[in-house]
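The values are calculated or read from the model by the stated rules, or taken from the named source; none is laboratory data. Note that the structure is predicted; figures quoted are calculated from it, not measured. We place every Cβ from the backbone using ideal geometry, glycine too, and count neighbours over all the protein chains shown.
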Amino acid sequence: MRKATNASDSTTTTDAPLDLLLTNFRSRHHLSTREAEIVRAAARGLCTKETAAEMDCSPKTIDELWRRVYRKIGCDSRLAVVAQLLASALDGAVPAHATPPGRAALTTIAARNT
């Protein structure tokens, strides 16, 4: 389990929920470990340069990994990939009659990119 520190208030939070979500998403879309790592980094708000530094590789490698992810998932942007990741968390978790605010937008983005 990875931990991230929030510098603004000195609290420590775990990324376990994101890791669990990503495990299911990775298997559903047949992502490699490195491809899943860049999706995770995007969900955490990291840019290409920050992701490359964290993964100890070049930004060009990150760009190539994103091209593979886009091809496998059928999306054309990081936002769309992260939206699908988040929408996958809602699949079956909420009854259709109890749609939370914001789910319609995620569903629309995900449908547009599939």
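Being touching a helix residue (DSSP H, G or I) at 6+ places or on another chain (Cβ under 9 Å) and not in a helix (DSSP H, G or I) is the filter; apply it to the range 75-97 and report the residue that is modelled with the lowest pLDDT. It would help to see each step written out before you state the result.
Residues of the range 75-97 that are touching a helix residue (DSSP H, G or I) at 6+ places or on another chain (Cβ under 9 Å), as a first pass: 75-90, 94.
The next check asks that each one be not in a helix (DSSP H, G or I); those that pass are 75-77, 94.
Values: Cys75: 89, Asp76: 90, Ser77: 93, Val94: 43.
The residue in question is Val94.
So, in the range 30-69, how many residues would count as being more than 12 Å from the chain's Cα centre (by Cα) and assigned to a helix (DSSP H, G or I)? Write out each step before concluding.
Taking the range 30-69 first, the residues more than 12 Å from the chain's Cα centre (by Cα) are 30, 32-34, 47-65, 67-68.
Subset that is assigned to a helix (DSSP H, G or I): 33-34, 48-55, 59-65, 67-68.
Of the residues in that region, 19 qualify.
So if I check each of Leu46, Leu79, Leu20, which one is of a type in the set (A, V, I, L, M, F, W, C) and surrounded by 13 or more Cβ atoms within 10 Å (Cβ to Cβ)?
Details: Leu79 fails: surrounded by 13 or more Cβ atoms within 10 Å (Cβ to Cβ); Leu20 fails: surrounded by 13 or more Cβ atoms within 10 Å (Cβ to Cβ).
The match here is Leu46.
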